[in-house]
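Right, one structure below, let's go through it.
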Amino acid sequence: MRNEDPILRKTIGEIVAGDYRTAAVFDRHGIDFCCGGKVPLATVCRDRGLDPAALLREIEAVQRGPVDRNRNFAAWELPFLADYIVNTHHAYLWENDGTIAAHAAKVAAVHGLNHPEVIEIARIFDRIAVAMEAHLREEEGVFFPAVKRLAAARKSGVASSAADRAVVEASLARLGREHEEIGDAVHTVRRLAGDYALPADACNTFLLTYRQLQEFEEDLHLHVHLENNILFPKAALL
């Protein structure tokens, strides 16, 4: 057994931030590496009854594979990473949040009598969509621009703005809390939906909504990972 391996003392988020390929291992075991990524690997193994040595072998196996430079997020400079998040994950949310909320409301109206859980799912997702809109606006309009200015100042060797440093410091604490709240809400949706298992009387809209909710969750996992485990720690160093 390799219970003393140093990697066991690292958090899940740190491991994935250091090597994105390990995300596949944690996904396979249903281990949260984004909102719940601050837990040490040893603790996760203990709490879930996983064999640390076996999990380490899985991690080493994926690390022997090729590195895709297009997904080596930890190596990207902060401005590029921020733009990637906006153009990929923010764009997905702006385009889809309203549609998912509308579909969830329709399913609740049609199937709520026989499946009361869909009423709660619609209510929770509507709250997620509202919170997410304010969250994205702050990141795009305030936080990311300040991070980019601080990164540019450091790169050029000039003094950074005290105002930008204050913005980043305040935003880091607030945005991190919001990630936790949104992550908890998404986990509640998954639990209510029974891991998105469809009932026998599900219509096409029911099917589509559950698929959209699952896709939303999967996108959120990578989105929050990029911010919580890579961008936020680097921004804090500025």
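Give the residue, chosen from A42, A24, A17, A102, that is among the aliphatic types (A, V, I, L, M), surrounded by 12 or more Cβ atoms within 10 Å (Cβ to Cβ), out of contact with any Asp or Glu (no Cβ under 7 Å at 6 or more places or on another chain) and touching a residue at least 40 places away in the same chain (Cβ under 8 Å).
Working: A42 fails: touching a residue at least 40 places away in the same chain (Cβ under 8 Å); A24 fails: touching a residue at least 40 places away in the same chain (Cβ under 8 Å); A102 fails: touching a residue at least 40 places away in the same chain (Cβ under 8 Å).
The conditions single out A17.
For the stretch 5-36, what are the residues that are small (G, A, S), within 13 Å of the chain's Cα centre (by Cα) and within 21 Å of V67 (Cβ to Cβ)?
Initial filter on the stretch 5-36 (small (G, A, S)): 13, 17-18, 23-24, 30, 36.
Subsequent filtering for residues that are within 13 Å of the chain's Cα centre (by Cα) retains 13, 17, 23, 36.
Correct list: G13, A17, A23.
Take the residues of the stretch 1-52 that are among the β-branched types (V, I, T) and in a helix (DSSP H, G or I): which is nearest to I182 (Cα to Cα)? Let's see the steps before the verdict.
Kept after step one, since they are among the β-branched types (V, I, T), are these residues of the stretch 1-52: 7, 11-12, 15-16, 22, 25, 31, 39, 43-44.
Retained after the next criterion (residues that are in a helix (DSSP H, G or I)): 7, 12, 15-16, 22, 25, 43-44.
Details: I7: 28, I12: 19, I15: 22, V16: 20, T22: 24, V25: 24, T43: 23, V44: 21 Å.
Looking at residues that are among the β-branched types (V, I, T) and in a helix (DSSP H, G or I), I get I12.
Would you mind stating whether E95 is among the acidic types (D, E), in a helix (DSSP H, G or I) and free of Cβ contacts under 8 Å to residues at least 24 places away in the same chain? Steps first, answer last, please.
Working: among the acidic types (D, E): yes; in a helix (DSSP H, G or I): yes; free of Cβ contacts under 8 Å to residues at least 24 places away in the same chain: yes.
For E95, the condition - among the acidic types (D, E), in a helix (DSSP H, G or I) and free of Cβ contacts under 8 Å to residues at least 24 places away in the same chain - is met.
If I ask for residues that are surrounded by fewer than 13 Cβ atoms within 10 Å (Cβ to Cβ) and among the basic types (K, R), which ones from the stretch 176-208 would you list?
R177, R191, listed by residue number.
Just to check your reading of the model, which residue among A235, A200 is among the small types (G, A, S) and closer than 20 Å to C35 by Cα? Can you show your working first?
Details: A200 fails: closer than 20 Å to C35 by Cα.
From the options A235, A200, the qualifying one is A235.
What are the residues in the stretch 145-175 that are aliphatic (A, V, I, L, M), surrounded by fewer than 12 Cβ atoms within 10 Å (Cβ to Cβ) and in a helix (DSSP H, G or I), if any?
Filtering the stretch 145-175 down to residues aliphatic (A, V, I, L, M) leaves 146-147, 150-153, 158-159, 162-163, 166-168, 170, 172-173, 175.
If we keep only those that are surrounded by fewer than 12 Cβ atoms within 10 Å (Cβ to Cβ) too, we end up with 158-159, 162-163, 166, 173.
A162, A163, A166, A173, listed by residue number.
Cβ-Cβ under 6 Å, sequence separation 6+ or interchain: first residue in the stretch 218-238 and among the β-branched types (V, I, T), partner outside any helix (DSSP H, G or I). Which pairs?
V224/C34; V224/C35
Which one of H90, H111 is within 17 Å of the chain's Cα centre (by Cα) and modelled with pLDDT of 95 or more?
On the way: H111 fails: within 17 Å of the chain's Cα centre (by Cα).
After applying the criteria, what remains is H90.
Name the residues in the stretch 105-154 that are out of contact with any Pro (no Cβ under 9 Å at 6 or more places or on another chain), of a type in the set (K, R), touching a residue at least 24 places away in the same chain (Cβ under 8 Å) and farther than 16 Å from E217 by Cβ, would you?
If the condition is that a residue be out of contact with any Pro (no Cβ under 9 Å at 6 or more places or on another chain), of a type in the set (K, R), touching a residue at least 24 places away in the same chain (Cβ under 8 Å) and farther than 16 Å from E217 by Cβ, then K106, R154 are the ones that fit.
Can you find a residue that is among the aliphatic types (A, V, I, L, M), under 18 Å from the mean Cα position of the chain (by Cα) and part of a helix (DSSP H, G or I) anywhere in the stretch 59-76? Even if it seems obvious, please write down each step before you answer.
First, pick out the residues of the stretch 59-76 that are among the aliphatic types (A, V, I, L, M): 59, 61-62, 67, 74-75.
Still in the list and also under 18 Å from the mean Cα position of the chain (by Cα): 74.
Next, from what is left, pick out any that are part of a helix (DSSP H, G or I): 74.
Yes, the conditions are met somewhere in the stretch 59-76.
Consider L136 carefully, then state whether it is touching a Lys or Arg at 6+ places or on another chain (Cβ under 8 Å) and either part of a helix (DSSP H, G or I) or closer than 20 Å to G176 by Cβ (or both). Quick ask: steps written out before the conclusion?
Details: touching a Lys or Arg at 6+ places or on another chain (Cβ under 8 Å): no; either part of a helix (DSSP H, G or I) or closer than 20 Å to G176 by Cβ (or both): yes.
So L136 fails the test.
Within the stretch 55-72, can you find the residues that are of a type outside the set (K, R) and surrounded by 11 or more Cβ atoms within 10 Å (Cβ to Cβ)? Steps first, answer last, please.
Filtering the stretch 55-72 down to residues of a type outside the set (K, R) leaves 55-56, 58-63, 65-68, 70, 72.
Of everything in the stretch 55-72, those that are of a type outside the set (K, R) and surrounded by 11 or more Cβ atoms within 10 Å (Cβ to Cβ) turn out to be L55, L56, E58, I59, E60, A61, V62, Q63, V67, N72.
How many residues are part of a helix (DSSP H, G or I) and either touching a Phe, Trp or Tyr at 6+ places or on another chain (Cβ under 7 Å) or of a type outside the set (S, T, Y) (or both) if we restrict to the stretch 180-206?
Filtering the stretch 180-206 down to residues part of a helix (DSSP H, G or I) leaves 180-192, 204-206.
Next, only the ones that are either touching a Phe, Trp or Tyr at 6+ places or on another chain (Cβ under 7 Å) or of a type outside the set (S, T, Y) (or both) stay: 180-187, 189-192, 204, 206.
So the count comes out to 14.
The values are calculated or read from the model by the stated rules, or taken from the named source; none is laboratory data. Nothing here was measured: the structure is a model prediction, and the numbers come from that model. Virtual Cβ from ideal backbone geometry, glycine too; neighbours counted across all protein chains shown.
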